[in-house]
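Each remark here refers to the structure printed beneath this line.
Each reported figure results from applying straightforward, stated rules to the coordinates on display, with no laboratory input. If you're wondering where the values come from, they're calculated on a predicted model, not measured in any experiment. Here Cβ is always computed from backbone atoms with ideal geometry, including for glycine, and neighbour counts include all displayed protein chains.
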Amino acid sequence: MEDWSARQYLKFEDERTRPPRDLVAQVPLQRPRLVVDLGCGPGNSTELLVERFPQSEVMGLDSSPDMLKQARQRLPQCKFIEADIATWKPDPATDLIFGNAVMQWLPDHPAIMRRLLDGMPPGGVLAIQMPDNTREPALIFQREVGEEGPWRDHPEIKAAARDHLPTPEAYYDLLKPAASHIDIWHTVYNHVMASPQAITEWFKGSSLQPFLSPLSATDREKFAAAYTKKIVGAYKPRYDGKVLLRFPRLFILAVR
């Protein structure tokens, strides 16, 4: 899969930054020694952590060179490293591991979360936020278009759709043996979008990317057009012509 686009992702920076802002507000730490932003992307979530913990060392980690380039320009005072979360191990001084909208992309991510929590010092916090929207029309349509078009037999397209997240109960049972405290909650955001077409632009920066990346430029346009047609049919304009994008997210905060 080709690299993620920081520019596309940041088209909706304000909306995308609301969930990490809500998550960092619940972190029960005052002055963590080392804060690591997993899947830091273009640095919008890292910036929140720098603001919340100005006396702490804050580091960002991502696998995307384009995202890291943007993050380094945004926060030149922070250290950013290119690494794979699936194999990365936290430093013993890591008091906060913060993962905003990244774990859902990793195969067997619950086991990775447990491994990370196991590697933290007593009192360390694992704070995770993930989209829990695979049952929403916008995500269902991605799978449908992937199965309906001339690209349906492409192996990368077949594997592009995300699986449903496990239940909160499953996360609790997995993490609680290693945690002194766990808090799990859902928040449903209703983002005000300029038009149905704006929903397509939103997901081009996230869950549509694995579908579009393997395709030729012509097929990308066809895929996006077929997807947008479904979006227009499902997301009806409100009285001012704008549409609401319903977006459920799951939050998990585990204290070692």
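Quick notes on this structure:
- Sorted peptide list for 220-226, 208-214, criterion being average Cβ within 10 angstrom, highest first: 208-214, 220-226
- Cubic angstrom per residue, convex hull over Cα atoms of segment 68-113: 105
- The C-alpha atoms of the chain define a longest principal axis, and helix 217-234 lies at about 90 degrees to it.
- Fraction of C-alpha pairs exceeding 15 angstrom in segment 157-213: 68 percent, rounded to a whole number.
- Principal axis extents of the Cα atoms in segment 125-256, from largest to smallest and rounded to whole angstrom, are 52, 42, 18.
- Tilt relative to the chain, helix 65-74 - C-alpha long axis, 0 to 90 degrees, to 10: 60
- Descending semi-axes in whole angstrom, ellipsoid equivalent of the chain, from the Cα gyration tensor: 32, 19, 18
- Using the Cβ-Cβ distance between ASP183 and GLU148 with R0 set to 45 Å, the FRET efficiency from 1/(1 + (r/R0)^6) comes to roughly 0.65.
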